[in-house]
1. Tell me which residues, restricted to segment 64-94, are over 28 Å from residue 184 (Cα atoms) and either buried (at least 21 other Cβ atoms within 10 Å of the Cβ) or touching a helix residue (DSSP H, G or I) at 6+ places or on another chain (Cβ under 8 Å) (or both).
2. Quick one: how many residues across segment 192-211 are closer than 28 Å to residue 22 by Cβ and under 19 Å from the mean Cα position of the chain (by Cα)?
3. Quick one: which residue in 8, 24, 20 is under 25 Å from residue 340 (Cα atoms) and touching a helix residue (DSSP H, G or I) at 6+ places or on another chain (Cβ under 9 Å)?
4. Can residue 163 be described as closer than 24 Å to residue 321 by Cβ and touching a helix residue (DSSP H, G or I) at 6+ places or on another chain (Cβ under 7 Å)?
5. Considering only residues that are over 21 Å from residue 139 (Cα atoms), within 17 Å of the chain's Cα centre (by Cα) and modelled with pLDDT under 95, which ones fall in segment 326-347?
6. What number of residues in segment 295-311 are over 19 Å from the mean Cα position of the chain (by Cα) and either under 14 Å from residue 52 (Cα atoms) or without any contact (Cβ under 8 Å) to a residue 24 or more places away in the chain (or both)?
7. Being crowded, with 19+ Cβ neighbours inside 10 Å, under 21 Å from the mean Cα position of the chain (by Cα) and under 17 Å from residue 242 (Cβ atoms) is the filter here, so list the residues in segment 150-169 that pass it.
8. Being under 20 Å from the mean Cα position of the chain (by Cα), in a loop (DSSP other than H, G, I, E, B) and in contact (Cβ under 8 Å) with a residue 24 or more places away in the chain: is that true of residue 267 here?
């Protein structure tokens, strides 16, 4: 175990077999495991925590996934496909919360929501806003598709393309996806190969923990990441760790549910095995668990989320699943600050073309951490001036100098200090 953790703390990653060794350890080793994961995260990404919100544009779906309330057999669900005007209105609600990043999501119904609808929606979201208040990055989570369609998504200016395998265990996958386009295990499994071939530089993997044995799915996720890196020279930009949660009118078996301790262990092992990837946590988890996992390896999280089309600014019963963390964005921001981390709304890397392998090389050589710290401060300053409550503002104002001093002395710190003064004076979209 000590040899494996020493290798992991050198930030070179772990094999699936080494990850399996860590997942099999007795629980009394967890403190050591969690401490190693925290050191790796701090070494590569520092104290920043990226925040975003999902934006569901439709819950129309032709799949039959047993765990999802969008499944076509759920006749009790109110189906909605947002118009472009409604998508613009939802984006404005998120902008007025303070969000700068969204994850576009939709059910899989090629007749109702073809790629042209998705592309038009991306354009709509990017063109909402004024006076420095806008969505600056649209990530996308849509169904597996063709190389040509991925080229069109790339041309539309998306950030990261996400697609989760749900489970890598093929018999369980077939059980969970009995009908619909998603039932094709191999087509789904090879989607990232087509995405990369189509020019997608940043992609996100994930599994829905609880569908099958979490240890085997975690190992398979790591193997998939390594295989893509070996084949294409690009590893995952992000890895997501959603945990199976109740959803209305579903009938998913609960045989493989994992407890909080096991879940935390998965996060730590993924941080050690795939050190360059961002680890994303959703509002499926309770605030206390989300806070704890910041110390275990999570570097991105959704906040103030709605999983229903048109769900921002109004009540809706059309949710994909039941969330647990219902805090406002401002409450999440304040909580992150008080735990010693820096909330970040940064999208600077995408304007400076720090993408794909270029981004990963900066992470690997320890250079991205200082950029992330600087840009986190600059975007937090913008949030504090425009949106923060008095409590969140007070928490941030007490820490500016401390956060600046976390950047090594030199040109980067000097630049960050100068630009922070500009941001705090009211200038928008300042980044390095």
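The values are calculated or read from the model by the stated rules, or taken from the named source; none is laboratory data. Quantities reported herein were computed from a predicted structural model and do not represent experimental measurements. Cβ placement follows ideal geometry from the backbone for every residue including glycine, while neighbour counts extend to all protein chains displayed.
1. Within segment 64-94, 84, 87, 88, 90, 91, 94 qualify.
2. Total meeting the criteria: 10.
3. 8
4. Numbers: closer than 24 Å to residue 321 by Cβ: yes; touching a helix residue (DSSP H, G or I) at 6+ places or on another chain (Cβ under 7 Å): yes.
Judged against the criteria, residue 163 is a match.
5. Across segment 326-347, there are no qualifying residues.
6. So the answer is 0.
7. Across segment 150-169, the qualifying residues are 160, 161, 162, 163, 165, 166, 167, 168.
8. no
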